[in-house]
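Shown next, in structure tokens, is the structure this report addresses.
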Amino acid sequence: MHDDRSADMTIPGGRRQRLARVVQRMGLLQPLAAALSVFGSGQLRILAYHRVLTEPVEDFSFDLELVSAWAECFREQMIHLRKHFHPMRFDEVLAILQARRRLPANAVLVTFDDGYEDNHRVAFPILRDLDLSAMFFVATGHIDSGRPYLYDWLVHGLCVTKAGRVEIPELELDVPLPASLDGRRAVAAGVLDRVKALRESTQSILVRRIVAQLGVPVPDRDGGCRPMSWQNLREMRDGGMEIGSHGVHHRMLAKLPASLMKAELVESRRRMEVELGAPARVLSYPVGGHDAFDPEVIAAARAAGYEMACTYIAGTSRPGPHSQFALRRLPVERCMDQAWFEAVLAWPGLFIHRSRRRDASWIGSQPAAT
Ligand SMILES: [Zn+2]
């Protein structure tokens with residue numbers, strides 16, 4: 001769910017990383033952040049994560065692109081937020097906006113998309129220890145199913161299969177599978193890109209067939225990439241976390257017929273009310289780029305009762321009546337070290353990371369434009 005790179009006006013990733021280290025070594029990051037907060041007051045920084053795992057696992061066979069940070073890095077990042085910024089909850093931000101008051105300087109929010117079980121197992125305890133809150137956007141249909149995500153299973157199948165090659169006539173693809181895990185990951189990334197270019201209804205059938213053909217067991221509830229349960233979410237809610245909507249089936253709302261689009265918004269909210277006792281107030285558009293939402297989607301989201309919505313367009317926003325349903329976020333990715341992370345927060349406009357991929361590996365996503 002990442003922004004398109006056409007809007008990338010900043011310097012490339014590697015150079016951003018190096019510049020961030022230099023600025024940090026010179027002790028300039030915090031003075032820079034303080035100076036910029038004068039000009040950027042009212043700007044809301046919203047960090048966007050997907051998965052946080054305990055440690056680098058050599059034989060990790062799921063989609064590595066979705067691991068935003070390892071646990072220890074995540075803890076360091078959260079400590080930095082506590083020390084130098086003003087972490088908030090969405091309900092606090094909403095209360096301030098409703099009262100037409102100004103946001104505090106350096107306001108920051110932490111969000112997670114997609115609802116992987118590691119959000120509960122790894123990220124939640126760290127947040128609770130540090131007395132921080134975060135918003136977890138979940139697709140209610142996936143929480144209901146309890147099953148691993150099919151795209152993840154496809155990557156896993158290609159990484160662990162004993163088959164020597166993969167043959168997918170529908171994609172005009174017939175390639176040998178390399179012995180190394182890195183080589184297989186590269187093949188898997190290519191297959192995934194081509195699967196995502198297919199119509200949504202075709203994708204699910206094809207992925208199931210490929211996984212079966214690879215001789216890898218059918219996804220079950222303990223696949224290492226499964227979603228959180230409603231019980232996990234209730235625990236997190238009781239532990240001070242916020243739960244928001246990411247639709248029902250993680251479909252790109254702007255690409256759906258109006259009736260289906262509205263149903264995704266209404267049903268997801270209703271399901272949360274049943275399971276969590278309150279409907280979601282905040283929405284994160286699945287996929288989240290410029291083509292994931294439009295004025296019709298925004299109007300439907302308002303009508304369904306949402307009060308705020310996040311995109312995956314990279315940047316910061318000054319929330320107000322017009323921008324409140326198109327809030328930009330700051331993606332956090334594994335390739336960012338602590339210096340880069342701190343630089344992104346200090347000076348988002350220069351150091352922001354615009355990732356290669358636009359969204360989680362989901363059945364239900366439409367083809368990415370980049
Ligand atoms: Zn997503």
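Look at Ala179 and say whether it is aliphatic (A, V, I, L, M), surrounded by fewer than 14 Cβ atoms within 10 Å (Cβ to Cβ), modelled with pLDDT under 90 and not assigned by TED's automatic domain parsing to the domain that holds Phe60. Here the answer is no, as Ala179 does not meet what is asked. Elements of the type strands (runs of 3 or more DSSP E) sitting completely within segment 215-322 and holding at least 2 residues that are not hydrophobic (A, V, I, L, M, F, W, C): these cover 242-245, 308-314.
Restricting Ile298, Ile313 to residues that are within 14 Å of the ligand (Cβ to nearest atom), touching a strand residue (DSSP E or B) at 6+ places or on another chain (Cβ under 9 Å), on the phi < 0 side of the Ramachandran plot and β-branched (Val, Ile, Thr) narrows the list to Ile313. Given the criteria at pLDDT below 95 and either surrounded by fewer than 22 Cβ atoms within 10 Å (Cβ to Cβ) or not assigned by TED's automatic domain parsing to the domain that holds Val122 (or both), does Val218 qualify? Yes, satisfied.
When we screen Leu276, Leu265, Leu256 for residues that are modelled with pLDDT of 95 or more, within 16 Å of the ligand (Cβ to nearest atom) and at negative phi, the only hit is Leu265.
Each residue in segment 334-370 was checked for being at pLDDT below 50 and more than 14 Å from the ligand (Cβ to nearest atom), and 4 of them qualify. Here's a check for you: in segment 54-75, which residue that is touching a residue at least 24 places away in the same chain (Cβ under 8 Å) and touching a Ser or Thr at 6+ places or on another chain (Cβ under 9 Å) is most open to solvent (accessible area, probe 1.4 Å)? Here the residue is Glu65. The residues of segment 274-299 that are of a type in the set (Gly, Ala, Ser) and crowded, with 20+ Cβ neighbours inside 10 Å, listed by number, are Ala280, Ser284, Gly288, Gly289, Ala292.
For the criterion of being surrounded by 22 or more Cβ atoms within 10 Å (Cβ to Cβ), over 22 Å from Tyr151 (Cα atoms) and at pLDDT below 85, Phe325 fails. Which residues, counting only those in segment 285-342, are free of Cβ contacts under 8 Å to residues at least 12 places away in the same chain, farther than 19 Å from Leu94 by Cα and among the hydrophobic types (A, V, I, L, M, F, W, C)? Residues satisfying the conditions do not exist here. Selection over segment 232-253 of residues that are within 14 Å of the ligand (Cβ to nearest atom) and out of contact with any Leu (no Cβ under 8 Å at 6 or more places or on another chain) gives a count of 4. Restricting Pro319, Pro331 to those that are open to solvent by less than 50 Å² (accessible area, probe 1.4 Å), within 16 Å of the ligand (Cβ to nearest atom) and modelled with pLDDT under 95 reduces the list to Pro331.
Take Val187 and decide whether it is of a type in the set (A, V, I, L, M), crowded, with 18+ Cβ neighbours inside 10 Å, more than 16 Å from the ligand (Cβ to nearest atom) and not in a helix (DSSP H, G or I).
No: the conditions fail for Val187.
The values are calculated or read from the model by the stated rules, or taken from the named source; none is laboratory data. This structure is a prediction, so every number in the text was calculated from the model and none was measured. Glycine gets a Cβ as well: all are built from the backbone with ideal geometry, and neighbour counts include every protein chain shown. Note: accessible area is taken over every heavy atom of the protein model, side chains too, but ligands, DNA and RNA are not part of it. Shrake-Rupley method; radii C 1.70, N 1.55, O 1.52, S 1.80 Å.
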